Amino acid sequence: MRKFTIEDNHLIFPFNEPARDLSILNKPLKMHHADILDEVIGPTPAELAIESVHDLPDVAPEGGEIVVYRDNLYFDIEFFSEFFEQARSSRLPSRAVLPATDAAWVKYAVPLSRLAPVTDMHGRPLYYPLDLWYFPNGYVARPQWREVPVFSDCKEKGYYNVPDSMSNIKPSFEEGETRRDLDLTHLLTERSCLSIDSWVHVYFANVILGVFSRGSRFEEYLSQHNLFALRVLWRAILEQKQVLSCSKLVQIGEGTIIDPSAVILGPTTIGRGCYIGPGVVIDNSVIGDHVNIAQGCQLMLSVVGNNCFLPFRAALFMSALMEYTIVAQNTCVQMCVVGRNSFLGAGTTFTDFNLLPAPLRALDARGDLADTGQPVLGGCVGHNVRIGSGIVLMPARVIESDVILFASPERRVIAKNIRYEESDHHKVRASIAKLHKRRYPRIAESEEAFLEDWE
């Protein structure tokens with residue numbers, strides 16, 4: 001068995017990095033791929049990246065079993081296993097596709113992406129091909145490929161009780177009836193896959209299709225397997241803990257110190273060498289190695305990368321922090337993605353609920369503003385960003401890598417995307433401004449690179 005990756009150099013704004021270098025569930029995407037493929041198909045030798053699947057006859061003329069995938073494609077082990085098992089059992093050249101009838105793919109994978117549908121004679125989408133192939137006996141041309149549809153088996157779920165006026169239950173025009181709008185619920189999947197072409201996809205991969213769907217799968221498994229439920233209950237009794245806090249559900253790395261007054265609810269994973277202070281509440285999250293979470297912090301459905309620091313009373317809700325980031329005291333981060341080595345000043349608030357009945361838009365794969373399809377969505381901060389205290393970021397706004405924002409009457413509320421050229425460090429003396437190094441510049445790409453043919 002050999003595996004080849006198609007290198008995708010499209011830069012994800014505002015990080016200005018290819019998707020393969022961004023952290024998904026506290027792991028660079030390229031390492032995430034390697035771990036999944038090693039577990040499913042076994043260890044394979046490293047191969048040089050290729051530009052197209054059609055390059056296989058030149059790099060692997062001897063044939064044999066081959067797996068090929070584009071390195072901006074996020075998939076979990078459940079998704080890849082389903083595709084690989086179907087493809088291998090058929091012994092036919094196969095390509096993974098997302099069925100257009102699957103609500104989760106339509107809601108999360110298609111918007112803002114470069115996925116192009118295959119349509120029927122009436123122009124209605126049938127499925128969306130992915131750059132993920134299996135060849136049992138070496139490369140063959142496209143007419144011989146077999147499409148393998150992979151369904152998410154999603155379930156609609158919410159995360160807390162909200163008033164009907166804000167939930168997915170809305171009055172209809174007919175008296176006494178209601179209609180469903182999916183406003184504050186999500187489609188949680190048994191299998192997850194995204195083509196990461198936007199920062200919104202990074203959010204989906206970490207949170208909605210990541211820790212949130214992981215929690216949903218655990219609940220389903222617990223409800224269907226009585227023996228496992230008894231084991232969890234017995235472990236909780238032995239440890240004298242609440243069921244959701246027992247070691248069956250909360251995995252803690254070596255050397256981690258947790259204050260007795262902290263409340264940790266599973267499924268949660270905490271890495272090595274961490275400190276969890278008094279009064280901390282963590283619910284269904286992933287915490288990396290050497291993370292310091294000080295007293296009174298609250299984290300729910302979030303991912304915190306290695307070596308992050310959260311001083312007292314910082315709050316994360318459905319958000320992802322990449323490594324070496326600091327979220328200062330009394331800061332509230334909701335439904336956001338924050339890049340590596342960034343700083344959010346004390347009292348900063350990232351809002352997620354749009355007060356106006358207008359669609360929330362974000363930059364798509366082509367650099368155009370497009371509807372995210374989400375009724376609530378936070379913002380995104382790139383790498384190496386410094387944000388002063390007390391700033392409010394409006395929903396779906398973006399701050400590019402290497403930006404510095406000073407809190408001022410003009411900068412108190414961020415209502416538009418901020419690019420590097422608008423960084424406040426340009427306003428100070430040149431001798432001081434040069435101390436802030438730009439580490440993640442934009443690289444000019446031609447129009448053809450944005451619109452390249454994936455086939």
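Please treat every number below as a calculation from the coordinates, not as lab data. Quick caveat: nothing in here was measured; it's all calculated off a predicted structure. For neighbour counting, all protein chains shown are included, and Cβ atoms are generated from backbone atoms with ideal geometry for every residue, glycine included.
Lys/Arg Cβ at +1, Asp/Glu Cβ at -1, dipole of the chain taken about the Cα centre: which of 22, 115, 404 is farthest positive-ward?
Looking along the dipole axis, the top candidate is 404.
Under Stokes-Einstein, with the Kirkwood radius over Cα pairs standing in for Rh, what whole-number D in µm²/s applies to region 287-352 at 4 °C and 1.567 mPa s?
117 µm²/s
Remind me, relative contact order of the chain in percent, using alpha carbon pairs under 8 angstrom and six or more residues apart?
12 percent
Considering every pair of different Cα atoms, what Kirkwood radius, in Å, is found for region 265-317?
Result for region 265-317 stands at 10.5 Å.
Give me the net charge of residue 103's neighbourhood, meaning all other residues with Cβ under 11 Å from the Cβ of residue 103; Lys, Arg count +1, Asp, Glu -1.
Combined, the nearby Lys, Arg, Asp and Glu give -1.
Quick one: the Cα spread of region 206-450 along its three principal axes, in angstroms, biggest first?
62, 37, 35
To check my understanding: the extent here is largest minus smallest coordinate of the Cα atoms along each principal axis. What are those three numbers for region 321-455, in Å, largest first?
Taking the Cα atoms of region 321-455, the three principal extents are 46, 37, 29 Å.
Counting other C-beta atoms within 10 Å, which of 425, 54, 33, 186 has the fewest, and how do the rest follow?
54, 425, 33, 186
Where does each of 121, 31, 300, 394 land when they are ranked from fewest to most other beta-carbon atoms within 10 angstrom?
Ascending number of Cβ neighbours within 10 Å: 121, 31, 394, 300.
Please report 380, 297 as a ranked list, fewest other C-beta atoms within 10 angstrom at the top and most at the bottom.
Arranged by neighbour count, lowest to highest, 380, 297 become 297, 380.
Sequence neighbours fewer than 8 away in the same chain don't count; with that in mind, list the lysines whose C-alpha is under 21 Å from residue 107.
Within reach: 155, 157, 170.
If you take the Cα Rg of the chain and divide it by 2.2 N^0.38 Å, with N the number of residues, what do you get?
Compared with the compact-globule rule of thumb, the chain sits at 1.01.
Report the one residue of 80, 5, 320 whose Cα lies farthest in the direction of the positive end of the charge dipole of the chain (charges on C-beta: Lys and Arg +1, Asp and Glu -1; origin at the Cα centre).
Farthest along the dipole direction, towards plus: 320.
Of the options 57, 270, 296, report the single residue whose Cα projects farthest towards the positive end of the charge dipole of the chain (beta-carbon charges: Lys, Arg +1; Asp, Glu -1).
Final value for the positive-end residue is 296.
What size of dipole, in debye to the nearest 20, comes out for region 206-450 about its Cα centre when the only charges are +1 on Lys and Arg C-beta atoms and -1 on Asp and Glu C-beta atoms?
Roughly 540 debye, rounded to the nearest 20.
Dipole magnitude of region 210-272 about its Cα centre, charges +1 at Lys/Arg Cβ and -1 at Asp/Glu Cβ only, in debye to the nearest 20?
Its charge dipole is roughly 120 debye.
Lysines near residue 416 by alpha-carbon distance under 21 Å, same-chain residues fewer than 8 away left out - which ones?
Hits, sequence-local ones excluded: 427.
Under the rule of -39500 (n - 2.57) per DSSP H run of 4 or more residues, summed and divided by the residues of the chain, what mean residue ellipticity at 222 nm is obtained, to the nearest 500 deg cm²/dmol?
-4500 deg cm²/dmol
How compact and how long is region 188-262, expressed as Rg and Dmax of its alpha-carbon atoms in Å?
Taking only Cα atoms of region 188-262, I get Rg and Dmax of 15.9, 47 Å.
On a full-extension model of 0.36 nm per residue, what is the gain between residue 1 and residue 51, subtracting their alpha-carbon distance, rounded to one decimal in nm?
16.0 nm
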